[in-house]
Every structure is written in structure tokens, then in C-alpha cells.
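> Next up is a structure, given as C-alpha cells.
The values are calculated or read from the model by the stated rules, or taken from the named source; none is laboratory data. Since the model is a prediction, treat every value here as computed from it, not as a measurement. A quick note on method: Cβ atoms are made from the backbone with ideal geometry, for glycine too, and the neighbour counts reach across all protein chains shown. We work out accessible area using only protein heavy atoms, side chains counted, and drop any ligands, DNA or RNA first. Shrake-Rupley method; radii C 1.70, N 1.55, O 1.52, S 1.80 Å.
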Amino acid sequence: MIEIKNLTKSFRTPRGKITVLDGVSLSVGDGSFLGVAGKSGAGKSTLLSLLAGLQKPDSGSIAIGGRNILDLSDKQLAAFRNRNIGFISQEQSFLETLTVLDNVRLPAYLGRGRHSGLEAGSGRAGHSAGETSVRAMELLAGLGIAHLAGQYPQELSGGENHRVLIARALMNDPGLILADEPTDSVDREQTLVILEIFARLAAEGKTVIFVSHDEGALSSCDAVYRIGE
């Protein structure tokens, strides 16, 4: 369960202070597939960033699984995020010197403080082979892209890279998936594939919060929360 209460967030700009979220309150149950809609600049991406603990609100509270993440230290929050939250950003933020497989495995090693187990450009897992490789390959297979494991992100299509991002977000089996415009810049066929993946994850009990400006994509969600409308 996610409980957001009276969340506010403002930014300082050359034109002065701009409030993007003003007293947002929202409850999201486990296993929900929630869409977030709103005009450009309404605060959709900011809301996801706050839920992921990547930014701090001006006021309000964010409880995930009964724990107010705003009470956590930076170190505690990083560990909590790594274990419990899978974040899919608009930017396809890969390490280009690592293969698809190693990019997917990365959260497991960051969680253990063992980034050194990944050998850049090796095309294999180095001395980190084992459970993380099995888990990563299972995720890639479930997304229909196991055959891409040894390739590099820059060699893939946009739709393939989106699925790699989903696999990476699922690596540590988080209960909460946050997806910021994951169907942007992909064709309708790939959009449907991604939406089917999210619906399946929600059916398995994970909570999926999905930001989109695509009303067609939002129609696949269980419910839609609209910001600034």
C-alpha cells in the first residue's frame, strides 16, 4: 500500500517560484495498475521522482508499505529504493560499455556494493556468474528478449531497450514499479507489449504506477489519477 498525504513540491526558476504539486493525496493498493495523466508540466514526472525518493517534497508524507520514506537517511533511502522500487525513467540510462545482461544485473550488484563484479566490455558476467545471471536471463526470457543478452544497448531498437529497462527494474523483485512514459517513442505494437507486461505484473501482486500522455495506453490501467485537471 502507498499512502501519499498533502504532498507539495515547488521549484525556483528565473521567473520565480513554480508549484507543480499542491496538496496531493492518494492511496494506491497492492496489485494496482495506476495511470497518471496530466498536461505537460503538471507534475507527473515529479510525482514519480518523489515516490522513488529521488527528490524531496516541500511538505507532506509518502508511506510505502507502511514506512514513511521521508524519515529515512540518504543511505537508508538508497537501500530501500534498491530493494523495493523499480524505476523506469524516460531516459534510456544504460551503461553502454556493459552488455544487456550486465545492465540488467546491475541493481543486484549495487544492492550488495559489488559493482566491481561487472567487467566492462567483456560480454559476460566475469566472476559474478550464478544466481544473478540466472535471474537476469529469466527476466529477459519473460520479456521475449533473451537472445539480446550478449548485445549492447546501442545495438538495440527503441522497443527492445524499453524492455531491457523493464527487466532491469525487476531485477531485485521490487513490489513497486514506477514507469515514466515507457511507451513514448515506440510503435503501437511495442506499446501493447509493454502494457501487457505491466498488467501481468499487477496481476502478480506488484503495484505499477505508469505515467503517460497517451490516452489509449492509459485505458489499459485499472484507474487513472489526473494531475492539474
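> Count, please, the residues in region 205-229 that happen to be open to solvent by 80 Å² or more (accessible area, probe 1.4 Å) and either touching a residue at least 12 places away in the same chain (Cβ under 8 Å) or assigned to a helix (DSSP H, G or I) (or both). First the steps, then the outcome.
Just the residues of region 205-229 that are open to solvent by 80 Å² or more (accessible area, probe 1.4 Å), to begin with: 213, 215, 219, 222, 226, 229.
Next, from what is left, pick out any that are either touching a residue at least 12 places away in the same chain (Cβ under 8 Å) or assigned to a helix (DSSP H, G or I) (or both): 213, 215, 222, 226, 229.
Number of matching residues: 5.
Residue by residue, here is whether (1) of a type in the set (A, V, I, L, M, F, W, C); (2) modelled with pLDDT under 95; (3) farther than 16 Å from Ile209 by Cα holds:
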{"site": "Gly53", "(1), (2), (3)": "no, yes, no"}
{"site": "Leu70", "(1), (2), (3)": "yes, yes, yes"}
{"site": "Ala79", "(1), (2), (3)": "yes, yes, yes"}
{"site": "Arg83", "(1), (2), (3)": "no, yes, yes"}
{"site": "Phe87", "(1), (2), (3)": "yes, yes, no"}
{"site": "Gln90", "(1), (2), (3)": "no, yes, no"}
{"site": "Phe94", "(1), (2), (3)": "yes, yes, yes"}
{"site": "Ala108", "(1), (2), (3)": "yes, yes, yes"}
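> Identify, please: which residue in region 151-173 is open to solvent by 50 Å² or more (accessible area, probe 1.4 Å) and modelled with pLDDT of 90 or more and is, among those, farthest from Glu91 (Cα to Cα)?
The selected residue is Asp173.
> If only one of Leu77, Leu95, Leu72 is surrounded by fewer than 19 Cβ atoms within 10 Å (Cβ to Cβ), out of contact with any Ser or Thr (no Cβ under 9 Å at 6 or more places or on another chain), within 30 Å of Ser157 (Cα to Cα) and of a type in the set (A, V, I, L, M), which one is it? Can you show your working first?
Values: Leu77 fails: within 30 Å of Ser157 (Cα to Cα); Leu72 fails: within 30 Å of Ser157 (Cα to Cα).
Result: Leu95 is the single residue among Leu77, Leu95, Leu72 that is surrounded by fewer than 19 Cβ atoms within 10 Å (Cβ to Cβ), out of contact with any Ser or Thr (no Cβ under 9 Å at 6 or more places or on another chain), within 30 Å of Ser157 (Cα to Cα) and of a type in the set (A, V, I, L, M).
> So which residues in region 55-76 are without any contact (Cβ under 8 Å) to a residue 24 or more places away in the chain and under 17 Å from the mean Cα position of the chain (by Cα)?
Initial filter on region 55-76 (without any contact (Cβ under 8 Å) to a residue 24 or more places away in the chain): 56, 67-76.
Listed by number, the list holds a single entry, Ile69.
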